[in-house]
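The values are calculated or read from the model by the stated rules, or taken from the named source; none is laboratory data. Model, not experiment: these values are computed from the prediction. Using ideal geometry, Cβ is built from the backbone for each residue, glycine included, and neighbour counts are taken over all protein chains shown.
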Amino acid sequence: MHWLALAAAIVFEVSGTISMKVAAASNGWLPWTLVFVLYGLSFVLLIQALKAIEVGIAYAIWAGIGTVLIATIGILWFSEALNWGKSISIALIVAGVVGLNLSGAAH
């Protein structure tokens, strides 16, 4: 259940960040409202996940996967550039999250 809360927290965080990008190009109140609501839901779910998952592991997964998803969405949806540096950096983030998760599993 706590891992599901963490997964949902990631979805809301990524959705909030996409709303931030939309809000930056908009004068409407809806994207701005979505940013706060979606980030709020993300934090509430992250707090629920922290009841059973180590903070270092949960935060690394939340931030790392969120970052990788946002970078990917930026490339695919917002036509942002993809280069070797960005590709390697994304791979390093994934490797770091996996490494932290594997090292925390022994406890």
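Observations on the structure shown:
Matching residues to (1) farther than 26 Å from Val22 by Cβ; (2) surrounded by 12 or more Cβ atoms within 10 Å (Cβ to Cβ):
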{"site": "Gly40", "(1), (2)": "no, yes"}
{"site": "Gln48", "(1), (2)": "yes, yes"}
{"site": "Ile61", "(1), (2)": "no, yes"}
{"site": "Trp84", "(1), (2)": "yes, no"}
{"site": "Ile88", "(1), (2)": "yes, no"}
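- Among the residues of the stretch 13-27, those identified as closer than 17 Å to Ile73 by Cβ and of a type in the set (S, T, N, Q) are Ser15, Thr17, Ser19.
- Residue within the stretch 2-18 that is aliphatic (A, V, I, L, M), in contact (Cβ under 8 Å) with a residue 12 or more places away in the chain, surrounded by 16 or more Cβ atoms within 10 Å (Cβ to Cβ) and touching a His at 6+ places or on another chain (Cβ under 7 Å) present: no
- Residue count for the stretch 78-107 satisfying the condition of being aromatic (Phe, Trp, Tyr) and touching a residue at least 24 places away in the same chain (Cβ under 8 Å): 1.
- Residue check for Glu80: more than 22 Å from Ser103 (Cα to Cα) and loosely packed, with under 15 Cβ neighbours inside 10 Å: yes
Residue-wise test of (1) under 22 Å from Leu6 (Cα atoms); (2) touching a helix residue (DSSP H, G or I) at 6+ places or on another chain (Cβ under 8 Å).
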| site | (1), (2) |
| --- | --- |
| Trp29 | no, no |
| Trp32 | no, yes |
| Ser42 | yes, yes |
| Leu50 | yes, yes |
| Val55 | yes, no |
| Val68 | yes, yes |
| Glu80 | no, yes |
| Ile90 | yes, yes |
| Ala95 | yes, no |
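- Residue within the stretch 28-39 that is under 21 Å from Trp77 (Cβ atoms) and within 13 Å of the chain's Cα centre (by Cα) present: yes
- Qualifying residue in the stretch 21-36 (condition: closer than 20 Å to Val97 by Cα, modelled with pLDDT of 95 or more, surrounded by 14 or more Cβ atoms within 10 Å (Cβ to Cβ) and not acidic (Asp, Glu)): no
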